[in-house]
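Notes follow the structure.
What follows draws every value from the coordinates through simple rules; no lab data is involved. Small disclaimer: the values here were computed from a predicted structure and weren't measured. Positions of Cβ are generated from backbone atoms using ideal geometry, with glycine treated the same way; all protein chains shown enter the neighbour counts.
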Amino acid sequence: MKYISTRGNSPKVTFREAIFAGLASDGGLYVPEKFPACDYKQFPAGCSLIEVGARVFAAFADEPEFKGHFSEICGRAFNFPITLEPLDGSTWILDLFHGPTAAFKDVGARFLAECIALAGAGEPRTILVATSGDTGGAVAGAFFGKPGIEVVILFPKGMVSEFQEMQLTSWGGNVSAFRVRGTFDDCQRMVKEAFLDPQWKTKHLVSANSINIGRILPQSMYYAWASLDYLRRTGRKPGFIIPSGNLGNALAGLWAKRMGFPIGKIALACNANRAVVDFFETGQWHPQETKSTLANAMDVGSASNMERLRHLYPDMESLWKDALAFSVNDEEIRAALPEAQKRWNRVLCPHTATAAFVRNQLPGSDWIIVATAHAAKFRSVVEPLIDGLIVTPPALGLIEKRKVLCKEIDPALQNLAQALL
Ligand SMILES: *Cc1c(COP(=O)(O)O)cnc(C)c1O
């Protein structure tokens with residue numbers, strides 16, 4: 001399997017080359033040259049997520065570094081429960097947040113860390129990551145203490161929750177965090193510039209954002225597994241409702257569908273940042289200024305994976321056949337949280353609440369809500385809206401006790417360069 005750039009002007013590369021390069025040399029994003037057709041009927045009944053991952057990845061990375069290692073990589077990356085349960089007769093929920101930093105980003109970050117440890121040949125590397133809240137913590141957790149690896153995190157000042165900020169800034173060791181006086185889109189732009197700037201070559205940068213194919217492909221595996229499990233348990237194909245910002249998670253779902261897994265439609269639940277929803281309505285892509293919302297990890301005005309989405313669906317008709325998009329505002333998020341508690345006895349995070357809200361807009365049954373984070377990460381938003389208090393999972397409790405280490409910089413790459421030296 002080879003990987004090509006969405007812009008079509010750089011050479012084809014292997015999986016290993018694609019994960020170390022991050023961005024293609026023409027500024028595009030890597031995508032698989034073609035999607036292997038997975039005959040889902042060939043998967044044994046009750047196949048685990050790790051088995052699904054190992055089988056599917058064998059087709060996506062066939063070079064010697066990885067061959068035969070995917071059971072091990074998936075076993076280490078997916079070492080926490082990912083569960084699929086019914087909420088009622090027509091709606092199910094896929095919980096992706098039982099990992100060490102309590103958001104689905106743990107899946108991709110841990111998978112990427114394992115691949116880099118295996119194929120990095122012990123060379124020093126700097127993992128550079130822009131975060132709207134959850135990615136940075138997951139990446140720091142996945143790479144913390146790994147020999148030869150330095151982690152640099154950029155996050156927008158005042159736009160992450162207090163708890164998320166702690167989770168970004170309290171590592172020390174090989175992790176440095178920078179609070180950027182700007183938006184997430186500024187942070188993302190700085191990362192892209194660093195990758196194209198020859199001055200940064202000596203750092204051997206690796207991107208851990210969802211521009212890195214090594215973060216998105218593993219996310220396809222839980223859609224593959226959940227669709228097989230749902231089909232086995234109900235005899236029907238599910239659709240997924242995915243809280244979306246940078247579109248990595250939604251794209252992973254659409255990729256799983258393209259591979260042939262039994263998936264109906266994919267519904268994107270966006271917050272008040274509605275550039276993607278406008279694109280679905282008009283076919284025109286106009287990135288917008290980022291707005292702050294209650295679902296802050298989805299505060300993205302210029303989704304970088306849009307480029308992959310448009311590459312997958314060169315025309316709107318084919319996109320509309322497979323996917324829908326909705327914008328959910330803060331008031332609707334506030335309404336969805338107590339409603340989910342009453343109706344399903346579930347305390348959701350504000351991101352997952354967008355998907356719960358969208359569920360009510362969608363006809364028919366067989367919808368799976370994708371739950372992207374634990375509500376405890378967003379206590380100050382969620383607790384005032386629900387009955388009772390949120391119990392903090394043990395791993396998160398430890399983070400609250402660490403001390404904060406962080407520098408603040410203006411949103412330009414040279415400020416980061418200075419601060420790092
Ligand atoms: C990152 C994040 C999202 C958005 O995912 P994308 O892949 O960027 O679309 C949704 N919910 C939570 C909790 C997140 O951390």
Listed residues 141, 46, 75, most fluctuating in the chain (Gaussian network, C-alpha, under 10 Å):
46
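Step by step: find N for the chain, compute 2.2 N^0.38 Å, then divide the Cα radius of gyration by it. What's the final number? Mind showing how you got there, number by number?
On the way: Rg = 19.9 Å, N = 421, 2.2 N^0.38 = 21.9 Å.
In units of the globular-protein estimate, the chain measures up at 0.91.
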What percent of all Cα-Cα pairs in the stretch 98-159 falls into each 10 Å bin, going from 0 up to the bin containing the maximum distance?
23, 53, 22, 2
Those trypsin sites (Lys or Arg not before Pro) in the stretch 362-421 that DSSP places in a loop and that have at most 15 other beta carbons within 10 Å
401, 402, 403
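Sort 90, 71 by Cβ crowding within 10 Å, fewest neighbours at the top.
Values: 90 12, 71 15.
Ordered from fewest to most neighbouring Cβ atoms within 10 Å, 90, 71 come out as 90, 71.
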Once amide hydrogens are built 1.01 Å from N within the peptide plane, the residues lying 5 or more places from residue 92 or on another chain with amide H under 5 Å from its amide H are 87, 367, 368, 369
Sort 144, 326 by Cβ crowding within 10 Å, fewest neighbours at the top.
144, 326
Those aspartates and glutamates that a straight Cα-Cα span of less than 15 Å connects to residue 403, excepting residues fewer than 8 apart in one chain
162, 165
Provide 304, 318 in ascending order of the number of other Cβ atoms located within 10 Å of each residue's Cβ, fewest first.
318, 304
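Quick one: net charge of residue 296's neighbours, Cβ under 13 Å, K/R +1, D/E -1? If you can, show how the numbers build up before the last one.
Details: positive: 157, 291, 377; negative: 134, 162, 165, 299, 330.
Cβ neighbours under 13 Å give a net charge of -2.
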Would you kindly derive the ³J(HN,Hα) couplings of the stretch 4-19 from the backbone phi angles with the Karplus curve 6.51 cos²θ - 1.76 cosθ + 1.60 (θ = phi - 60°), listing them in order in whole Hz, with x for Gly and Pro?
10, 7, 4, 8, x, 10, 9, x, 5, 9, 7, 4, 4, 4, 5, 6
For each pair in 12/192; 157/342; 12/105; 34/265, compute the distance between the two Cα atoms and list the pairs where it is over 24 Å.
157/342; 12/105
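Sum up the charges of everything whose Cβ sits under 15 Å from the Cβ of residue 340, counting Lys and Arg as +1 and Asp and Glu as -1, but leave residue 340 out. Walk me through the numbers before you get to the answer.
On the way: positive: 334, 342, 343, 346, 359; negative: 85, 88, 95, 332, 339, 383, 387.
Net local charge, residue 340 excluded: -2.
Give me the net charge of residue 386's neighbourhood, meaning all other residues with Cβ under 12 Å from the Cβ of residue 386; Lys, Arg count +1, Asp, Glu -1. Display every interim value, and only then the final one.
Working: positive: 334, 342, 346, 379; negative: 339, 383, 387.
That sum, taken over residues with Cβ under 12 Å, equals +1.
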Treat each spin label as a single point 7 Å out from the Cα along the C-beta direction, and report the residue 410 to residue 310 distance in nm.
3.1 nm
So what J values fall out for the stretch 230-237 if you push phi through Karplus, 6.51 cos²θ - 1.76 cosθ + 1.60 with θ = phi - 60°, rounded to Hz, Gly and Pro as x?
5, 4, 5, 7, 10, x, 10, 8
Provide Rg and Dmax in Å for the stretch 242-388, with only Cα atoms included in the calculation.
15.0, 48
Among 373, 61, 113, the residue with the largest mean-square fluctuation in a Gaussian network model of the chain built from Cα contacts under 10 Å is 61
Output wanted: per-residue J couplings in Hz (rounded whole) for the stretch 324-336, from phi through Karplus 6.51 cos²θ - 1.76 cosθ + 1.60, θ = phi - 60°, x for Gly and Pro.
9, 9, 10, 10, 10, 8, 4, 4, 5, 5, 4, 6, 5
Within the set 109, 297, 395, GNM on the chain using Cα springs under 10 Å gives the largest fluctuation to 395
Taking loop as defined by DSSP and a crowding limit of 13 other beta carbons within 10 Å, which trypsin sites (Lys or Arg not before Pro) in the stretch 39-101 fit?
67
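If you filter the stretch 271-364 for GluC sites (Glu not before Pro), then keep DSSP loop positions with at most 11 other Cβ within 10 Å, what is left?
289
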